[in-house]
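Okay, structure first, notes after.
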Amino acid sequence: MTILLEEEYAHTSCMEAVPRVVSNPDVVAKAAALRLTLRERARETDRLARLPEATVADLEKARLFEITTPRRYGGLQLDARTYMDAMVELGRGDASVAWAATLVNINNWFIATLFPPEVSEEVFAKPGARAAAVLQPRSCKVRKVSGGFQIDEGVWPFNSGVYHAQWDVLGFPAQDEAGGYLAFALLPISDVQILDDWDTIGVRGSGSSSVAVRNVFVPDIRISRPRQCPVRQIQVDAVGTRMALPRGVRSSGPDHHCVSSTGCRPRCARHIHGATTAASDRILALYKAA
């Protein structure tokens with residue numbers, strides 16, 4: 001997925017200019033304050049293979065799911081530096097939490113940026129709204145019908161944070177007279193079946209299960225066609241997800257918690273620590289230069 005800096009997306013046709021984002025050190029401090037609590041919950045997070053409800057409540061209370069949500073919808077709309085610093089602090093406590101919170105923030109931004117205002121207003125009408133997303137299906141059968149698209153069937157893997165989301169953004173290949181493109185469908189979570197197939201060694205608490213959809217109609221207003229909106233300036237997987245995980249884990253020390261809640265041996269942690277060091281340094285350099 002990609003994300004635009006304010007100066008870039010303010011000039012696109014898919015989103016009107018928005019007020020300048022601001023920093024908020026309090027959000028970073030609140031994330032840092034959760035570090036020990038997240039470590040204490042590591043075994044529970046590992047057992048559940050998703051975030052415990054207590055952790056979700058803590059993140060909600062600290063408004064750590066709302067960092068990228070525009071203020072017009074009740075969100076914080078903070079700057080990228082505050083966002084990244086907060087996610088890194090969560091990663092120091094539990095990388096699973098950082099991963100899930102990072103992606104929820106990305107997906108909330110995604111909805112606010114690429115879907116019409118009336119759709120965003122519906123999504124964010126409930127305070128603390130959260131979205132999951134998968135941009136590429138494992139398999140799917142989708143067809144254009146009058147007024148929208150019909151998803152006959154499909155499976156989307158690695159849907160991080162879906163257990164705690166009210167909405168899901170699912171990508172699928174589509175085609176019109178201009179050729180093929182990747183479209184995104186926005187579905188209420190009630191239209192999605194969680195397959196409970198997330199059973200890994202690392203980052204278990206991200207709850208990145210696959211989801212299935214069968215016989216669901218999605219109206220055109222809930223379909224985004226990104227080729228009509230240039231959003232390829234900055235890769236979120238580099239500046240967001242990958243940044244929070246390696247940087248947070250690295251700063252925790254090589255013998256702490258492996259990737260998050262798995263409790264695996266320090267040798268495994270040292271391996272991950274070393275493997276992410278060079279990459280995280282390059283990402284941090286890009287982040288500081290932004």
(request) Kindly indicate whether W167 is surrounded by 14 or more Cβ atoms within 10 Å (Cβ to Cβ) and either touching a Gly at 6+ places or on another chain (Cβ under 9 Å) or on the phi > 0 side of the Ramachandran plot (or both). (result) no
(message) Can you tell me which condition E121 does not meet? The list is (1) farther than 16 Å from D168 by Cα; (2) surrounded by fewer than 16 Cβ atoms within 10 Å (Cβ to Cβ), and all the others hold.
(response) (1)
(request) Residues that are modelled with pLDDT of 75 or more, assigned by TED's automatic domain parsing to the domain that holds G91 and under 14 Å from D85 (Cα atoms): find the helices (runs of 4 or more DSSP H) completely inside region 1-71 holding 3 or more of those. (result) 25-33
(message) Report every pair of residues separated by at least 6 positions or lying on different chains whose Cβ atoms are under 6 Å apart, first residue within region 187-212 and not assigned by TED's automatic domain parsing to the domain that holds S96, second of a type in the set (K, R).
(response) G207/R50
(request) Would you mind telling me which numbered condition in (1) at pLDDT 90 or above; (2) closer than 25 Å to L90 by Cβ; (3) crowded, with 16+ Cβ neighbours inside 10 Å V213 fails? (result) (2)
(message) Just to be sure I understand the filter: pairs with C-beta atoms under 7 Å, separated by 6 or more residues or on different chains, first member in region 113-126 and over 13 Å from Q166 (Cβ atoms), second member surrounded by fewer than 19 Cβ atoms within 10 Å (Cβ to Cβ) and not aliphatic (A, V, I, L, M). Which pairs pass?
(response) T113/C14; L114/C14; L114/C229
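The values are calculated or read from the model by the stated rules, or taken from the named source; none is laboratory data. For clarity, every value in this text was computed on a predicted model and none was experimentally measured. Neighbour counts run over all protein chains shown; Cβ positions are idealised from the backbone, glycine included.
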